[in-house]
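The values are calculated or read from the model by the stated rules, or taken from the named source; none is laboratory data. Small disclaimer: the values here were computed from a predicted structure and weren't measured. Here the Cβ positions follow ideal geometry from the backbone for every residue, glycine too, while neighbour counts run over all protein chains shown.
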Amino acid sequence: MYNSRSKSIALKASLFATGCAGIVAEFVLSTLATYLVGNAIFQWTIVMSLMLFAMGIGSRMSRMFHHQLLDTFILIEFSLSILCAVVAELSYGLAAFTSYIALIIYCQAFIIGCLIGLEIPLVTRLNQEYEGLRINISGVMEKDYFGSLLGGLIFAFVALPYLGLTYTPILLGSINFAVASYLLWRFFSLIKQKKMLIFCFVFSLIFLMMLAIFAQPIIQYGEQQKYRDKVVYSQQTKYQKIVVTRWKAFFWLYINGQEQFSTFDEEKYHEPLVHPAMKLSHDPVDVLVLGGGDGLAVREILKHSVVASVTLVDMDPAMTGLAKTHPVLLGINKGAMNDPKVRIVNQDAATFMKNDANLYGVIIIDLPDPDSIDLMHVYSEKFYQMTRRHLIRGGVMVTQAASPYFAGKAFLCIYKTIRAAGFSVLPYHNQIPTMGEWGWVLGVKQEDLTEARLKEMASGLSFHRINTRFINQDAMISMIHFGKGVFDGEDLDKIEINTELNPVLYGYYQQGSWGIY
């Protein structure tokens with residue numbers, strides 16, 4: 001009786017561990033797809049759904065196994081130890097040679113999902129010798145689900161932040177290897193194919209050790225191939241992948257593979273983002289920056305001597321920490337993030353706005369492009385209305401608004417949404433060589449201010465007392481004028497505003513002609 005109970009506990013403990021590993025495998029592949037392909041919500045939805053479907057296929061396949069179930073289960077675990085451990089290296093390595101990396105990740109997800117789906121039915125059948133059906137089913141499922149919770153916590157709080165996508169899969173493979181090894185030696189007398197499984201044990205052990213040694217060079221090689229220029233810094237944080245590259249004396253910052261700025265021409269983005277808003281505000285003493293964790297917008301804000309405080313809200317502490325300490329970013333942002341006037345808050349922008357009671361003269365929104373559903377709430381009418389409530393009378397809000405050329409409908413949608421939130425609005429644009437045509441939408445909290453009058457005010461702005469590299473009065477006049485029909489054609493009338501319940505902006509952005517750039 002005791003022996004049977006101990007064997008049952010061993011099997012369910014193994015399933016607890018594999019449940020932990022299984023959920024981490026899904027998270028790893030979803031994160032890989034997000035970084036290498038883009039569009040977080042879509043990738044997580046597809047990968048998770050595909051793996052669950054594959055688990056169903058694997059569960060059905062378990063009917064085909066009639067004998068040597070323990071041998072089969074151990075062999076599956078050894079196979080998973082290799083397949084799970086190598087997903088990052090395989091994805092990064094092949095990304096250097098093919099544009100079909102999404103298909104490769106989906107294939108890996110399907111194969112691993114099938115093997116994971118085989119686990120529960122096999123363990124249930126093995127455990128039926130030791131427990132009755134009612135206890136057996138509930139006990140097996142319980143351990144697998146409990147293991148999934150532990151796996152999720154490990155991935156979110158330990159693996160991804162500290163091990164990154166380089167070593168998290170190896171940890172994952174090691175869990176499967178540990179389960180297979182434990183069962184192999186715990187039930188060695190019951191094993192039929194002893195020589196084969198001992199070979200698998202030795203092979204898997206050597207493979208994991210070699211992979212741990214060579215994983216970093218493989219990842220670095222694959223990542224380097226993703227960028228034209230030399231990668232000088234790379235970090236996978238809890239929230240995103242941060243990469244800095246260098247070409248000659250110039251640096252580029254990428255987040256999740258998307259360019260954030262280049263020192264070659266970043267002033268053509270950050271100066272238009274900051275200085276018109278600062279100049280048009282009635283009292284730009286207190287400034288709020290949402291996003292902009294690199295500190296470049298803060299650098300421009302601090303050029304205005306009237307500024308008494310800058311509050312910067314960026315979700316990722318790794319990004320703001322990098323801006324405060326890394327020599328490259330310190331050189332670019334001129335140490336702005338360490339200025340005593342600057343307060344840094346690591347929090348979601350919308351959450352901060354809900355809880356903050358302060359009023360500001362200027363609010364600068366420098367958030368990522370609206371290229372995924374999870375960003376729609378910070379481009380919604382509700383968000384802009386909340387922003388308006390945090391402005392003093394005559395205060396100014398400005399946001400980057402994607403490209404009016406490559407994503408024209410998205411730009412118009414942001415423009416109409418800000419106008420619907422009660423602002424007097426001023427759209428403007430500029431040509432940035434490394435990014436293409438880019439746009440901003442500025443809003444003033446002043447009910448009696450017409451858009452025509454705001455445009456006239458912007459045309460008269462003088463920047464000669466500010467140390468700028470690009471923007472001046474002539475540049476401002478040029479930026480506020482658009483080509484024929486941009487704001488008076490049928491397209492503008494058909495564009496809907498973006499709300500949390502109707503996130504049309506995502507669709508407009510996806511319709512953009514980014515591929516021709």
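Examine the stretch 1-14 for a residue that is more than 27 Å from F201 (Cβ to Cβ), of a type in the set (F, W, Y), modelled with pLDDT under 85 and in a helix (DSSP H, G or I), and state whether such a residue exists.
Yes; the residues of the stretch 1-14 include at least one that is more than 27 Å from F201 (Cβ to Cβ), of a type in the set (F, W, Y), modelled with pLDDT under 85 and in a helix (DSSP H, G or I).
Among the listed residues E437, E456, E447, E451, identify the single one that is under 27 Å from the mean Cα position of the chain (by Cα) and either closer than 30 Å to T45 by Cβ or not assigned by TED's automatic domain parsing to the domain that holds F42 (or both).
E437
For the stretch 284-296, enumerate the residues that are of a type in the set (G, A, S) and under 18 Å from D348 (Cβ atoms).
Within the stretch 284-296, G291, G292, G293 qualify.
Which of the residues that make up the stretch 91-111 are within 21 Å of the chain's Cα centre (by Cα) and among the β-branched types (V, I, T)?
I101, I104, I105
Checking H282 against (1) surrounded by fewer than 21 Cβ atoms within 10 Å (Cβ to Cβ); (2) part of a loop (DSSP other than H, G, I, E, B); (3) within 20 Å of the chain's Cα centre (by Cα), which test does it fail?
Just one mismatch for H282, condition (3).
Kindly indicate whether A336 is touching a helix residue (DSSP H, G or I) at 6+ places or on another chain (Cβ under 8 Å), at pLDDT below 95 and assigned by TED's automatic domain parsing to the domain that holds I392.
Spelling it out, it is not the case that A336 is touching a helix residue (DSSP H, G or I) at 6+ places or on another chain (Cβ under 8 Å), at pLDDT below 95 and assigned by TED's automatic domain parsing to the domain that holds I392.
For every residue, the table says whether it meets (1) surrounded by 17 or more Cβ atoms within 10 Å (Cβ to Cβ); (2) under 28 Å from F214 (Cβ atoms); (3) of a type in the set (A, V, I, L, M, F, W, C).
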site: I111; (1), (2), (3): no, yes, yes
site: E131; (1), (2), (3): yes, no, no
site: I137; (1), (2), (3): no, no, yes
site: F146; (1), (2), (3): no, no, yes
site: I154; (1), (2), (3): yes, yes, yes
site: Y167; (1), (2), (3): yes, yes, no
site: I170; (1), (2), (3): yes, yes, yes
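Out of the residues in the stretch 220-275 that are within 30 Å of V444 (Cβ to Cβ) and of a type in the set (F, W, Y), state the one that is surrounded by the fewest Cβ atoms within 10 Å (Cβ to Cβ).
For the stretch 220-275, the residue satisfying everything is F261.
With respect to V24, determine if the residue is of a type in the set (A, V, I, L, M), in the same structural domain as T124 (by TED's automatic domain parsing), within 24 Å of S99 (Cα to Cα) and within 27 Å of the chain's Cα centre (by Cα).
no
Any residue in the stretch 188-214 that's in the same structural domain as L90 (by TED's automatic domain parsing) and crowded, with 16+ Cβ neighbours inside 10 Å: show its pairings with residues that are acidic (D, E) and modelled with pLDDT of 95 or more at Cβ separation under 9 Å, as long as the two are six or more apart or on different chains.
none
Looking only at the stretch 383-434, how many residues end up being part of a strand (DSSP E or B), in contact (Cβ under 8 Å) with a residue 60 or more places away in the chain and within 23 Å of the chain's Cα centre (by Cα)?
1
Could you pull out the residue among R246, R299, R228 that is of a type in the set (K, R), closer than 24 Å to R469 by Cα and not assigned by TED's automatic domain parsing to the domain that holds A402?
Matching residue, one of R246, R299, R228: R246.
So which residues in the stretch 30-77 are over 22 Å from K238 (Cβ atoms) and of a type in the set (S, T, Y)?
Result: S49, S59, S62, T72.
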